[in-house]
Amino acid sequence: MKISLIIPCYNEEQALYPLYEALQAAMQQLQEYSFELLFIDDGSSDGTLDVLKLLAQKDERITYLSFSRNFGKEAAMYAGFCNSTGDYAAIMDADMQDPPDLLPQMLEIIQSGYDSVATRRVSRKGEPVMRSFFAKMFYKIMNRISESDIVDGARDFRLMKRSMVDSIIAMSEYNRFSKGIFGWIGFKTYWLPYENRERVAGQTKWNFWKLFRYSLDGIINFSQIPLSLASWTGIGFTFFSFIMIIFVIVRKLIWGDDVARWPSLVCVITFLGGLQLLCLGIIGQYLSKTYLETKGRPHYIVRESNRESARRIN
Ligand code: UDP
Ligand code: MG
């Protein structure tokens, strides 16, 4: 049995050596399996690629794919899936926040009859309080408005069977949100809880705004609720104005016309104007996603790799 370990790396030169050591230790424990280490260099600007080349010279199990620019972690994961050849595949961060020492346990569980073993952080120790707060909110909202099940604290770290990997590759959408994709394709998943670990080296690549945009992407990609919300607000206001019209006519017929009150009119107009723009904006968000999707651009472009047969554009 062969296991593919897919590791997206973006400016991780300091983390790679400790990671490789930990991986070696884990692989040592799992001698009955063969391994393929797929490092995806997501257009790093530091020495990540050089380190990968050095490691690949020492260890022939290592394949690296180096992107022509930074395409983002989602694209890196997709490239990993497309190029993996193992019977099992696991996605793992380069910073060891997804501890390789969980692998033996995950393999044991998957063989007891699951299609995938996913991991979930039970604590967010070492993370800024604000970030944890917004993350919690996101999962609450997302689960309420989306059809696919998204677990709070879920990591991308998971071990999957080939059939599941093939389904993920078949989900070839350009706007990718893996947590949603994993949920959408289904399969039997075991959730393995573990305590949060801190990065071994380097810094997180996600600031607040990047995460905020990513969560909006998640909502738009996996829920149509904002769109129906816009239409329902529209319907609500139409109904309300209809009643207002009747009220005004009846009032005129019974008591005669009142003094014109333009400030209240201005308020109503600006309020409705704002609401219309908001709804237009929501539609625009979906439209722009559709626009990108119809262009059918590749998810990633590989500039350099040590594997002849690698899928370089996909
Ligand atoms: N990563 C990537 N491309 C990016 C950003 C991040 O491949 O544009 C990789 C990064 O190298 C790491 C993983 O995605 O292996 C998770 O990133 P990070 O640790 O910064 O995120 P956090 O754990 O803080 O959520
Ligand atoms: Mg990390």
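Of all the strands (runs of 3 or more DSSP E) wholly in segment 4-115, which have at least 3 residues that are touching a residue at least 60 places away in the same chain (Cβ under 8 Å) and among the aromatic types (Phe, Trp, Tyr)? Break it down into steps so the answer makes sense when it comes.
Numbers: elements: 34-41, 62-67, 88-91.
Counting at least 3 such residues, we get no strands (runs of 3 or more DSSP E) at all.
Quick one: which of SER241, SER228, SER178 is in contact (Cβ under 8 Å) with a residue 24 or more places away in the chain, polar (S, T, N, Q) and either loosely packed, with under 14 Cβ neighbours inside 10 Å or under 30 Å from TYR286 (Cβ atoms) (or both)?
From the options SER241, SER228, SER178, the qualifying one is SER178.
Being assigned to a helix (DSSP H, G or I) and either at pLDDT 85 or above or on the phi > 0 side of the Ramachandran plot (or both) is the filter here, so list the residues in segment 255-269 that pass it.
ILE269
Give me the residue from segment 1-49 that is acidic (Asp, Glu) and out of contact with any helix residue (DSSP H, G or I) (no Cβ under 6 Å at 6 or more places or on another chain) and, out of that set, modelled with the highest pLDDT. Talk me through it step by step, then tell me what you get.
First, the residues of segment 1-49 that are acidic (Asp, Glu): 12-13, 21, 32, 36, 41-42, 46.
Subsequent filtering for residues that are out of contact with any helix residue (DSSP H, G or I) (no Cβ under 6 Å at 6 or more places or on another chain) retains 21, 32, 36.
Values: GLU21: 91, GLU32: 90, GLU36: 94.
Per the stated criteria, the residue is GLU36.
I'd like the full set of residues that are of a type outside the set (S, T, N, Q), crowded, with 16+ Cβ neighbours inside 10 Å and either under 25 Å from the mean Cα position of the chain (by Cα) or under 17 Å from MET106 (Cβ atoms) (or both), limited to segment 34-51.
Initially, segment 34-51 is screened for residues of a type outside the set (S, T, N, Q), giving 35-43, 46-47, 49-51.
Cutting the leftovers down to crowded, with 16+ Cβ neighbours inside 10 Å gives us 35-43, 49, 51.
Listed by number, the residues that qualify are PHE35, GLU36, LEU37, LEU38, PHE39, ILE40, ASP41, ASP42, GLY43, LEU49.
In segment 116-138, what count of residues is obtained for those that are among the small types (Gly, Ala, Ser) and part of a loop (DSSP other than H, G, I, E, B)? Can you show your working first?
Start the filter on segment 116-138 by keeping residues that are among the small types (Gly, Ala, Ser), which leaves 116, 118, 123, 126, 132, 135.
Adding the requirement that they be part of a loop (DSSP other than H, G, I, E, B) leaves 123, 126.
The qualifying residues number 2.
From (1) touching a residue at least 12 places away in the same chain (Cβ under 8 Å); (2) on the phi < 0 side of the Ramachandran plot, pick out the condition that doesn't hold for ILE235.
Failed condition: (1).
Quick check on my filter: what residues within segment 257-314 are surrounded by 12 or more Cβ atoms within 10 Å (Cβ to Cβ), closer than 30 Å to LEU49 by Cα and basic (Lys, Arg)?
Across segment 257-314, the qualifying residues are ARG303, ARG307, ARG311, ARG312.
If only one of ASP50, ASP93 is closer than 26 Å to LEU211 by Cβ and within 16 Å of ligand 1 (Cβ to nearest atom), which one is it? Talk me through it step by step, then tell me what you get.
Values: ASP50 fails: closer than 26 Å to LEU211 by Cβ.
Within the list ASP50, ASP93, the selection yields ASP93.
Take the conditions under 16 Å from the mean Cα position of the chain (by Cα) and either surrounded by fewer than 22 Cβ atoms within 10 Å (Cβ to Cβ) or away from ligand 2 (no atom under 16 Å from the Cβ) (or both) and apply them to ALA118. Does it pass?
On the way: under 16 Å from the mean Cα position of the chain (by Cα): yes; either surrounded by fewer than 22 Cβ atoms within 10 Å (Cβ to Cβ) or away from ligand 2 (no atom under 16 Å from the Cβ) (or both): yes.
Judged against the criteria, ALA118 is a match.
When you scan segment 100-123, do you find a residue that is among the β-branched types (Val, Ile, Thr) and under 22 Å from SER305 (Cβ atoms), even just one?
no
So, in segment 171-206, exactly how many residues are part of a loop (DSSP other than H, G, I, E, B) and either among the hydroxyl-bearing types (Ser, Thr, Tyr) or away from ligand 2 (no atom under 16 Å from the Cβ) (or both)?
11
Being out of contact with any Leu (no Cβ under 9 Å at 6 or more places or on another chain) and either under 24 Å from ASP149 (Cα atoms) or within 14 Å of ligand 1 (Cβ to nearest atom) (or both) is the filter here; which residues of segment 221-234 pass it?
Step one: list which residues in segment 221-234 are out of contact with any Leu (no Cβ under 9 Å at 6 or more places or on another chain), which gives 221-229, 231-232.
Selection gives ASN221, PHE222, SER223, GLN224, ILE225, PRO226, LEU227, SER228, LEU229.
Based on this model, can you work out whether ASP115 counts as within 23 Å of ILE150 (Cβ to Cβ) and either within 15 Å of ligand 1 (Cβ to nearest atom) or in contact with a Cys (Cβ under 8 Å, 6 or more places away or on another chain) (or both)?
no
Among the residues of segment 139-168, which ones are in a helix (DSSP H, G or I) and within 15 Å of the chain's Cα centre (by Cα)? Give the steps one after another, and end with the answer.
So the first thing to find is which residues in segment 139-168 are in a helix (DSSP H, G or I), and the list is 139-145, 162-168.
Answer for segment 139-168, where residues must be in a helix (DSSP H, G or I) and within 15 Å of the chain's Cα centre (by Cα): TYR139, MET142, ASN143, ILE168.
Applying the selection to segment 181-213, what residues are in contact (Cβ under 8 Å) with a residue 24 or more places away in the chain and of a type in the set (Phe, Trp, Tyr)?
The answer is PHE182, TRP184, PHE187, TYR190, TRP191, TYR194, PHE208, PHE212.
The values are calculated or read from the model by the stated rules, or taken from the named source; none is laboratory data. These figures come from a predicted structure and were not determined experimentally. Note: ideal-geometry Cβ built from the backbone for every residue, glycine included; neighbour counts use all protein chains shown.
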